[in-house]
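Single-structure report; data block below.
The values are calculated or read from the model by the stated rules, or taken from the named source; none is laboratory data. It should be emphasised that the depicted structure is a prediction, and the values quoted were computed from it without experimental measurement. Don't worry about glycine lacking a Cβ; one is built from the backbone with ideal geometry, like all the others, and counts go over all protein chains shown.
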Amino acid sequence: MRALVIDESRTMRRIVSGILGGLGFSTSEAGNGREALDLLEAGETFDLACIDWKMPVMDGFEFVTAVRARRDWRSLTLMMVTTENERRHIVRALAAGAHEYVIKPFTPDAIASKLEMLGLLPRQERCVSVLAGVDAVQVATIATEVFAAMIDHKTGLLTPWSGGPVTMADPRHAWVDLSTEHASRVQLTTDVGTADDLTRALLGVTAADPVAEADVSDALGEIANIFGGNIKSLLPEQVWLTLPKVSRVSPSGDGAVRLDEVVLAWRGRPLVISLWTL
């Protein structure tokens, strides 16, 4: 099956194309509605179009309206991919002829579920993580409160990351698992220098004081445990936390699916909090 991904953001096009590729679609991309129409008018055929709302030249609503005006394109399934702030526009898009919508940020499972509803993928039994209802805003709020109370003893030192893609040459990972029918994980990742300074801040010692590897493991494990406990309090069902673990190697590998990720800056350095289903 073929899908057309329409978004002015090259990064978002790649994300959506990657998800669709993993679901068995071949994909083409367009930066706005006009570019997408050019492909259709040139004779390209698609089973699905994933459409952003806000784009230059021709936006998502204008594209949907143009497609639905052509009888020969009416078999094309149209799915809006948009933000929470643009949710109010969805009614207009559905009235104009869009079939479905998904709200950013989304997971691969969210896209797959929508395509199953539309009949473009066979329905499957899915393991639903207990963390599926926890969003990035809630995670960032918990992190801000934990850091202000435990580590910095004031607000303003933990902020959204704005430094572009995050790479860590020598990372440290700390995590707790949530034991339910479908296990999940809350994971904290930062680099070794930041991990050392977090340990000093938590212990209340100066920047000149050395910290042992055991101190770092204890500190990061405690932070991960508190994150996990706060996220657990958001959940509608009873879950149990495992003991925290700390490692130089990320545990979230084989079989783990990342549900969401929040990248923050602590004193200007990256700190990543991620949620996983196992």
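Any residue at all in the range 155-169 that's under 27 Å from R248 (Cβ atoms) and over 21 Å from the mean Cα position of the chain (by Cα)? Yes - at least one qualifying residue is present in the range 155-169.
Restricting attention to the range 232-252 and to residues that are outside any loop (DSSP other than H, G, I, E, B) and charged (D, E, K, R), the residue that is modelled with the lowest pLDDT turns out to be K232. In the range 51-68, the residues that are among the aromatic types (F, W, Y) form Cβ pairs under 9 Å with partners that are in a loop (DSSP other than H, G, I, E, B) and modelled with pLDDT of 95 or more, at six or more places apart or across chains, as follows: F63/N32. Among the residues of the range 66-88, those identified as surrounded by 16 or more Cβ atoms within 10 Å (Cβ to Cβ) and either within 21 Å of E29 (Cα to Cα) or touching a Ser or Thr at 6+ places or on another chain (Cβ under 7 Å) (or both) are A66, V67, W73, L76, T77, L78, M79, M80, V81, T82.
Residue-by-condition table, conditions (1) modelled with pLDDT under 95; (2) farther than 30 Å from A132 by Cβ:
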| site | (1), (2) |
| --- | --- |
| V67 | no, yes |
| S75 | yes, yes |
| V91 | yes, no |
| I103 | yes, no |
| P108 | yes, no |
| I111 | yes, no |
| G119 | yes, no |
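Restricting attention to the range 135-151, the residues being surrounded by fewer than 18 Cβ atoms within 10 Å (Cβ to Cβ) and more than 22 Å from the chain's Cα centre (by Cα) number 3. The residues of the range 65-119 that are of a type in the set (F, W, Y) and in contact with a strand residue (DSSP E or B) (Cβ under 9 Å, 6 or more places away or on another chain), listed by number, are Y101, F106. The single residue among E35, E29 that is closer than 25 Å to D109 by Cα, crowded, with 17+ Cβ neighbours inside 10 Å and either among the aromatic types (F, W, Y) or modelled with pLDDT of 95 or more (or both) turns out to be E29.
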